[in-house]
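Down below is the structure, laid out as structure tokens.
Each reported figure results from applying straightforward, stated rules to the coordinates on display, with no laboratory input. Predicted model only: the values in this text are computed from it and were never measured. Cβ coordinates were reconstructed from backbone atoms using ideal geometry, including for glycine residues, and neighbour counts include every protein chain displayed.
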Amino acid sequence: MNGLPLDIVPLMLALTAGFLFALGSQIQNLGFSDVDSRTGATISITASALFFWVMAPFFMVWDYWLNSAILIFVLIGLFRPALSASMAVAGMRYLGPTLASTLSSTSPLFGAAMGVLWLNESFTLPTAIGTVGIVGAVILLSRKNKSGGIATDWPTWALLLPIGAACLRSLGHVLSKIGMEDIPDPYFAGMVGFTVSAILLNGIRRFRKTALPPIPWHTKGPRWFALAGMCFGTAIIALNAALLRGDVVMVVPIVAASPIFTMVLGAVLFKKEVLNRRVVIAVLIVVPSVIVIALG
């Protein structure tokens with residue numbers, strides 16, 4: 001990777017993150033038959049946190065704990081992935097992996113706005129064109145198709161779940177880039193965030209008034225979510241590394257290419273996707289829009 005131009009490195013890291021997010025989405029989708037969305041999100045995030053801590057002897061720089069910038073990563077952990085993942089998992093349960101992942105591609109819209117307003121990044125014409133394409137795909141997907149294809153019995157409000165998750169993720173991306181100005185460590189940034197989220201979700205589960213059913217560890221569902229959590233943890237490291245090297249307005253749209261990976265994995269490897277022409281068209285709008293933003 002030392003021989004690659006600097007601009008190519010964040011591009012490759014962002015694409016890697018997008019693929020791993022898509023793989024994790026498809027893997028955790030296998031666990032819905034045995035686990036509810038809240039429990040699944042808790043298992044996934046806890047597995048991610050444990051994954052980070054297992055790597056601590058090899059990657060942890062302990063002096064970073066004394067840096068005040070750690071508070072930024074703690075703040076991120078309060079909503080990402082704790083809240084954003086819970087919203088994303090719930091959206092996936094209602095809408096399916098491809099539809100939910102494609103709606104999550106509104107991240108470039110939020111990422112561009114935050115990058116320009118908070119980080120003084122440039123909002124170029126290609127970025128604007130790509131963002132318009134992504135918003136157009138979201139509008140297309142927001143219209144239910146009664147003629148068949150994918151299931152249309154999901155409630156309209158469920159569309160807000162992946163979009164809200166995308167907004168929170170973008171906020172986390174911007175804050176991560178700010179925090180890594182003082183602590184330039186993609187692993188450490190992800191470790192703190194996932195640890196805080198895991199403690200938060202497990203605490204909520206432990207002390208909530210209405211008891212949740214016990215986790216059915218004897219079934220395959222929890223294991224799928226745990227495996228997905230390791231995918232997401234690795235994806236966050238790649239994403240943070242991309243943010244460390246590149247701008248938010250470039251990295252976030254590239255990561256939003258994950259729907260095309262989700263679609264291909266679902267159709268070819270997992271054979272779980274049910275697609276129609278409208279979803280395919282929307283994904284094919286999103287992907288060129290992401291490419292336009294990247295080239296800009």
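Key figures for this structure:
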{"item": "Stretch gain in nm, segment residue 218-residue 140, where the contour uses 0.36 nm per residue and the Cα spacing is subtracted", "result": "24.0 nm"}
{"item": "Listed values (1) 0.93; (2) 0.96; (3) 1.09, entry calculated as Rg/Rh (Cα atoms, Kirkwood Rh)", "result": "(2)"}
{"item": "Total charge dipole magnitude, the chain, about the Cα centre, Cβ charges on Lys, Arg, Asp, Glu only, Debye to nearest 20", "result": "1180"}
{"item": "Ranked 258, 37, criterion: other C-beta atoms within 10 Å, fewest first", "result": "37, 258"}
{"item": "Relative contact order, percent, the chain [alpha-carbon distance under 8 Å, six or more residues apart]", "result": "42"}
{"item": "Packing-based ranking, highest mean first, of 114-122, 16-24, 178-186 given that Cβ atoms within 10 Å are counted", "result": "16-24, 178-186, 114-122"}
{"item": "Highest to lowest packing among 70-82, 239-251, scored as the average C-beta count within 10 Å", "result": "239-251, 70-82"}
{"item": "Inter-centroid distance (Cα atoms) of the range 174-224 relative to the range 73-119, Å", "result": "15"}
{"item": "Choice from 83, 175, 269 showing the highest fluctuation, given a GNM over the chain with Cα pairs closer than 10 Å", "result": "269"}
{"item": "Listed residues 67, 250, 54: farthest to the positive end of the dipole of the chain (Cβ charges)", "result": "54"}
{"item": "Radius 11 Å from Cβ of residue 186, net charge of other residues (Lys, Arg +1; Asp, Glu -1)", "result": "+1"}
{"item": "Where labels lie 7 Å past Cα in the beta-carbon direction, separation of residue 117 and residue 61 in nm", "result": "3.1"}
{"item": "Ranked list, fewest to most other Cβ atoms within 10 Å of each Cβ, for 177, 220, 271", "result": "271, 220, 177"}
{"item": "Theoretical ellipticity at 222 nm over the chain - DSSP helices of four or more residues, -39500 (n - 2.57) apiece, nearest 500", "result": "-23000 deg cm²/dmol"}
{"item": "For the range 236-246, Karplus couplings with θ = phi - 60° (6.51, -1.76, 1.60), whole Hz, Gly/Pro x", "result": "5, 4, 4, 5, 4, 5, 5, 5, 5, 9, x"}
{"item": "Packing rank of 124-135, 58-69, where each peptide gets the mean count of other beta carbons within 10 Å, highest leading", "result": "124-135, 58-69"}
{"item": "Note, ³J(HN,Hα) from phi for the range 220-230, Karplus 6.51, -1.76, 1.60, rounded to Hz, x at Gly and Pro", "result": "7, x, x, 5, 4, 5, 5, 5, 4, x, 5"}
{"item": "Ranking of 173, 218 by count of other Cβ atoms within 10 Å, fewest first", "result": "218, 173"}
